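A quick write-up on the structure given underneath.
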Amino acid sequence: MSDNVLLAHGSGGKLSHDLIEKKLLPPLANPMLNRLDDSAIFEFSGHLAFTTDSYVVNPIFFPGGDIGKLAICGTVNDLSMNGAKPLYLSLSLILEEGFSLSELDRIVGSIKAAAEEAEVRIVTGDTKVVNQGQADKLFINTSGIGAIPLGIDISGANARAGNKIILSGTIGDHGIAVMCQREGLKFSTPVQSDCAPLNKLVSQMLKSSPRIHCLRDPTRGGLATVLNEFTQQSNVGIVLEEDKIPMKESVKAACELLGFDPLYLANEGKLVAIAEPGDAGKILAEMQQNIYGRDAAIIGEVSNAHPGRVIMKTKLGPSRVVDMLSGELLPRIC
Ligand code: MG
């Protein structure tokens with residue numbers, strides 16, 4: 001086998017079979033995938049959640065993760081944000097001719113580790129190769145299916161006045177980590193991406209209170225965009241308290257230096273939850289027991305005033321409107 005991806009690896013012929021059988025199947029093997037039929041087959045009953053996402057992050061390796069880990073965590077998290085227990089994922093790779101097969105091994109290793117941590121199985125997949133210059137190294141698409149437990153009703157349209165807003169941890173880590181890696185910027189404390197599967201955190205939260213109304217992961221567009229989406233879907237207002245929003249000192253410093261507003265930076269291992277005021281304390285306490293929720297905090301509440309708007313009480317005193325992200329802050333961040 002050559003050390004690099006050849007166009008023939010996407011031919012559907014012998015080299016394609018080699019790629020699948022030598023590079024992908026050994027780390028990702030499971031009885032459903034091993035059948036190698038045209039589709040995966042599974043039984044189901046009840047409500048299913050189904051989601052898909054494509055990953056084009058640049059660079060493909062960054063502190064705290066890589067495109068493979070991101071592809072698994074992103075899809076696991078999107079299923080989790082509707083309260084679903086993630087079960088089965090598809091994995092499609094679009095490879096650029098000439099891409100290093102040893103880098104592919106590293107990425108498949110990350111995919112395996114992330115899938116094991118989240119306890120999901122990759123049950124179907126595809127590989128394509130395009131000519132050099134017609135893609136940038138590697139793009140990944142993952143789709144996922146999850147089972148929604150009975151009685152769970154989570155939607156961005158469910159926020160009501162008086163509800164509390166809980167954020168699972170520090171914001172901006174992923175955006176700053178990828179940007180610094182891309183631009184070759186070095187800080188005394190390097191920022192790591194927060195890329196992580198949140199399904200176990202969510203299932204712990206739902207155990208402490210099944211009455212969680214909204215959940216969303218603030219990925220592209222950041223916290224500001226997710227909160228604005230909630231105000232529009234639920235036709236409510238949100239009041240945010242700036243000094244309650246967890247942020248690493250290193251991210252704060254990088255934002256000040258580079259002129260970024262952390263409210264708009266991408267996160268890949270954080271969630272925002274909206275819950276009844278009477279439940280928020282116990283949900284928060286439960287989150288803080290989980291490694292991915294230990295910095296969780298209540299950052300604001302839902303209001304009937306100013307529907308469709310997010311208002312932030314700033315540290316300095318005056319309030320300001322926090323709009324949805326307009327334009328593109330950092331392209332190819334996930
Ligand atoms: Mg999402």
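The values are calculated or read from the model by the stated rules, or taken from the named source; none is laboratory data. Everything numeric here is computed off the predicted structure, so don't read it as measured data. As a convention, Cβ positions derive from the backbone with ideal geometry for all residues, glycine included, and neighbour counts pool all protein chains shown. The protein model used for the area step is the full one, side chains on, heavy atoms only, and it has no ligands, DNA or RNA in it. Shrake-Rupley method; radii C 1.70, N 1.55, O 1.52, S 1.80 Å.
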Between a first residue in segment 207-223 that is polar (S, T, N, Q) and a second residue that is open to solvent by 30 Å² or more (accessible area, probe 1.4 Å) and part of a helix (DSSP H, G or I), which pairs have beta carbons less than 6 Å apart while being 6 or more apart in sequence or on different chains?
SER208/LYS282; SER208/GLU286
It is to be established whether one or more residues within segment 125-135 are open to solvent by less than 30 Å² (accessible area, probe 1.4 Å), over 23 Å from HIS17 (Cα atoms) and either part of a strand (DSSP E or B) or at pLDDT below 95 (or both).
no
Tally time: how many residues in segment 34-48 are part of a loop (DSSP other than H, G, I, E, B) and either charged (D, E, K, R) or open to solvent by less than 80 Å² (accessible area, probe 1.4 Å) (or both)?
8
Name every residue in segment 214-229 that is under 14 Å from ILE245 (Cβ atoms) and within 10 Å of the ligand (Cβ to nearest atom), in order of residue number.
PRO218, VAL226
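For every residue, the table says whether it meets (1) open to solvent by 70 Å² or more (accessible area, probe 1.4 Å); (2) on the phi > 0 side of the Ramachandran plot; (3) modelled with pLDDT under 95.
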{"position": "ILE122", "(1), (2), (3)": "no, no, no"}
{"position": "ILE148", "(1), (2), (3)": "no, no, no"}
{"position": "ALA161", "(1), (2), (3)": "no, no, no"}
{"position": "GLY172", "(1), (2), (3)": "no, yes, no"}
{"position": "GLY175", "(1), (2), (3)": "no, no, no"}
{"position": "GLU183", "(1), (2), (3)": "yes, no, yes"}
{"position": "LYS186", "(1), (2), (3)": "yes, no, yes"}
The lone exception for GLN204 - which of (1) within 13 Å of the ligand (Cβ to nearest atom); (2) closer than 18 Å to TYR292 by Cβ it fails:
(1)
Over segment 2-15, the set of residues modelled with pLDDT of 95 or more and among the polar types (S, T, N, Q) is ASN4
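Find the helices (runs of 4 or more DSSP H) located wholly in segment 212-317 whose residues include 1 or more that are polar (S, T, N, Q), closer than 26 Å to ALA177 by Cβ and open to solvent by 20 Å² or more (accessible area, probe 1.4 Å), and list them.
249-258
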Filter segment 49-93 for residues that are open to solvent by 10 Å² or more (accessible area, probe 1.4 Å), within 13 Å of the ligand (Cβ to nearest atom) and either basic (Lys, Arg) or in a helix (DSSP H, G or I) (or both) and give the result.
ASP78
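Listed here are the residues, each with its yes/no results for (1) touching a Pro at 6+ places or on another chain (Cβ under 8 Å); (2) under 24 Å from PRO331 (Cα atoms); (3) acidic (Asp, Glu); (4) at pLDDT 95 or above.
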residue	(1), (2), (3), (4)
ARG211	no, no, no, no
ARG216	no, yes, no, yes
GLU229	no, yes, yes, yes
GLU241	no, no, yes, yes
GLU268	no, yes, yes, yes
ALA273	no, no, no, yes
PRO277	no, no, no, yes
ASN290	no, no, no, yes
Here is a check on your reading of the model: is PHE187 closer than 25 Å to LEU104 by Cα and of a type in the set (Phe, Trp, Tyr)?
no
Condition first: open to solvent by less than 20 Å² (accessible area, probe 1.4 Å) and part of a helix (DSSP H, G or I). Now tell me which residues in segment 94-120 satisfy that.
LEU101, LEU104, ILE107, VAL108, ILE111, ALA114, ALA115, ALA118
